[in-house]
Amino acid sequence: FSPVLLNSSQQTSHYNPIVIGSRGKSASSERTCEPSTRTLQPIVTGTGVLGLKYKDGVMLAADTLGSYGSLARYREVKRLSKISDTTLIGGSGDLSDFDNVVKYVREMSIYDNAHDDGCKMTPKDVHQYLGRVMYNRRNKFDPLWNEVVVAGFRDGKPFLGVVDLIGTMYEDDAVATSFGNYICLPLLRKASTELSKEDAKKVMEDCLRVLFYRNCRSSTKIQIATVSAEGVEISDPYELSTYWGYEGFKHTEYHGQKGH
Amino acid sequence: DAEIPTGGFTFDLCKRNAWLEANDSSGSIIKKAKKTGTTIAGIVFKDGIVLGADTRATEGPIVADKNCQKIHYLAPNIFCCGAGTSADCENVTEMISSSLTLHRLNTGRECRVVTAVTMLSQYLFRYQGHVGAALIVGGVDCTGPSLFTVYPHGSVDQLPFVTMGSGSLAAMAVFEAGYQDALEKDAAMNLVRAAITSGIVNDLGSGSNVDIAVITTGNTEFFRNIDKADPKYKSKNPLKYAPGTTAFFKEQISKIKITVTEGEAMDD
């Protein structure tokens with residue numbers, strides 16, 4: 001993802017027309033030529049989040065790594081968050097922006113509760129709201145640099161959707177963000193959407209394992225979360241097993257002797 | 001005075017090429033290379049090698065060939081899948097195949113896979129990545145089955161399962177999830193078919209049918225179009241109507257009289 005962003009050297013002069021009439025910290029910092037407060041590039045990042053509908057609800061899975069470029073810096077970052085009893089979100093991309101995303105959505109949820117009018121925000125409402133927020137920020141050239149998965153279960157109907165940093169919104173039975181799109185989505189699409197919770201968990205673990213094998217920026221410490229009629233359940237982070245013992249990999253020296 | 005020996009790489013034409021690239025916007029001098037945008041895969045199983053490939057050749061966003069053949073012959077016991085620029089894959093493999101035939105005649109022995117791989121990697125390195133051929137070379141020789149990938153810049157990897165091309169991640173996901181040591185032939189074939197199908201379904205640069213080649217000691221089987229793509233539409237021509245669809249009152253059958261004015265009459 002690289003939407004066209006001006007680098008800091010060009011910012012001040014080009015943005016004057018937009019600065020007049022817009023409010024906010026980023027605008028005022030430009031007027032006074034302070035350092036930029038827009039997200040120009042993601043700094044501490046999370047990799048793919050996977051989502052799959054199963055028989056009784058929706059399951060999300062993600063690893064718990066916060067990468068600082070190529071450094072595996074924060075080993076236990078919780079990237080799956082409960083919003084309400086019917087909604088769960090998971091985020092990849094810049095983790096500080098994801099904290100803000102969660103803050104916005106929780107604020108909406110609190111206002112919604114405070115109305116106390118007997119009707120609550122649906123998972124689809126959360127999805128739409130996030131989509132509008134992300135698109136609005138992209139138009140101001142100040143994106144929240146995330147790909148967010150929204151999962152929910154309400155009135156017996158599962159919901160699974162994705163919103164990304166430029167405001168793209170879509171729903172599907174199986175979703176993945178970031179690198180998971182290339183590695184895990186082919187496997188998730190092959191799995192049925194009517195699996196039991198244990199089978200779905202196994203599919204998610206297999207996908208995260210393959211993601212760890214082939215993605216430089218992922219780890220084996222993972223979390224699985226489900227949202228179903230019983231509400232939202234987020235597991236504690238746990239280690240995933242990996243297998244390195246295949247015979248075929250023992251003699252891969254091209255320039256040396258084959259060990260027969 | 002002694003002449004400075006010319007050897008090694010000559011980069012005389014690089015400046016000209018860079019100028020052409022910058023100034024040839026119409027594409028009349030530098031033709032756009034036809035790329036394969038591919039899913040190719042190979043796996044080592046108990047008795048040998050299974051190679052698989054899709055059959056779509058793309059020219060940017062257009063499908064240039066719906067049923068091209070990406071599994072190339074190198075020797076009776078060595079086959080090669082190619083991804084990257086079509087022309088480069090085709091010509092490099094034919095050239096090396098010829099060299100291997102001469103080598104076989106010279107030595108009187110069956111070719112080894114490492115011979116083919118060495119020839120390919122040395123050639124590709126000499127051209128510093130400009131020959132855009134990314135190859136999966138697999139075969140069975142006197143030392144057993146072996147599987148290699150050769151990259152356009154000339155590097156080589158020897159591995160038990162490999163994928164290349166734009167659909168390689170989708171295919172590799174299937175391999176990582178399903179690979180076991182010492183697979184049986186049917187299991188290996190099904191795994192490769194599933195991997196190529198995953199590339200065809202999930203990658204836009206791959207499509208159409210699946211080709212498979214199975215190489216074992218002394219025997220090579222090539223399954224062209226083992227899995228066909230869903231046809232987009234079934235042609236309704238010619239329409240077949242069952243006799244009696246149209247009701248009729250009267251039937252009159254008469255023989256048409258033909259008078260031959262020129263040439264000889266046909267036998268009835």
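The values are calculated or read from the model by the stated rules, or taken from the named source; none is laboratory data. Since the structure is predicted, the reported quantities are computational estimates derived from the model, not experimental observations. Quick reminder, even Gly has a Cβ in these numbers, built from the backbone with ideal geometry, and neighbours come from all protein chains shown.
Quick check, is B:THR36 modelled with pLDDT under 80 and surrounded by 15 or more Cβ atoms within 10 Å (Cβ to Cβ)? Here the answer is yes, as B:THR36 does meet what is asked. Quick one: in the stretch B:83-101, of everything that is within 22 Å of B:ILE196 (Cβ to Cβ) and at pLDDT below 95, which residue is surrounded by the most Cβ atoms within 10 Å (Cβ to Cβ)? Applying the filter and picking the extreme gives B:ALA83. For the stretch B:172-187, the count of residues that are more than 9 Å from every other protein chain (Cβ to nearest Cβ), more than 15 Å from B:PHE79 (Cβ to Cβ) and hydroxyl-bearing (Ser, Thr, Tyr) is zero.
The requirement of being exposed (fewer than 14 other Cβ atoms within 10 Å of the Cβ) and within 20 Å of B:PRO76 (Cα to Cα) is not satisfied by B:LEU135. For the stretch B:144-162, check the following and say yes or no: at least one residue is more than 10 Å from chain A (Cβ to nearest Cβ), under 20 Å from A:PHE179 (Cβ atoms) and touching a residue at least 24 places away in the same chain (Cβ under 8 Å). So far as the stretch B:144-162 goes, yes, one or more of its residues are more than 10 Å from chain A (Cβ to nearest Cβ), under 20 Å from A:PHE179 (Cβ atoms) and touching a residue at least 24 places away in the same chain (Cβ under 8 Å). Return the total of residues in the stretch A:101-136 being surrounded by fewer than 21 Cβ atoms within 10 Å (Cβ to Cβ), farther than 23 Å from A:TYR54 by Cβ and either touching a Leu at 6+ places or on another chain (Cβ under 6 Å) or hydroxyl-bearing (Ser, Thr, Tyr) (or both). Final tally of qualifying residues: 5. If you go through the stretch A:188-204 and keep only what is within 11 Å of chain B (Cβ to nearest Cβ) and either modelled with pLDDT under 95 or in contact with a strand residue (DSSP E or B) (Cβ under 6 Å, 6 or more places away or on another chain) (or both), you end up with A:LEU188, A:ARG189, A:LYS190, A:ALA191. For A:THR226, the conditions (1) within 11 Å of another protein chain (Cβ to nearest Cβ); (2) buried (at least 21 other Cβ atoms within 10 Å of the Cβ) all hold with the exception of (1). Here is the figure for the stretch A:114-147: residues that are more than 23 Å from A:ASN181 (Cα to Cα), outside any helix (DSSP H, G or I) and either touching a Cys at 6+ places or on another chain (Cβ under 8 Å) or not small (Gly, Ala, Ser) (or both) total 9.
Screening the stretch B:102-111 for residues that are surrounded by 15 or more Cβ atoms within 10 Å (Cβ to Cβ) and modelled with pLDDT under 95 and picking the one that is nearest to the chain's Cα centre (by Cα) gives B:CYS111.
Of all residues in the stretch A:94-113, at least one satisfies being touching a strand residue (DSSP E or B) at 6+ places or on another chain (Cβ under 7 Å) and in a strand (DSSP E or B).
Taking the criterion of being farther than 21 Å from A:ASP164 by Cβ, free of Cβ contacts under 8 Å to residues at least 40 places away in the same chain and touching a Phe, Trp or Tyr at 6+ places or on another chain (Cβ under 9 Å), the residues of the stretch A:38-91 that qualify are A:TYR68, A:TYR74.
Taking the numbered list (1) within 14 Å of chain A (Cβ to nearest Cβ); (2) surrounded by 20 or more Cβ atoms within 10 Å (Cβ to Cβ) in turn, B:GLN122 passes all entries but (2). Checking the stretch A:233-254 against the condition returns a match, with at least one residue being within 11 Å of chain B (Cβ to nearest Cβ) and hydrophobic (A, V, I, L, M, F, W, C).
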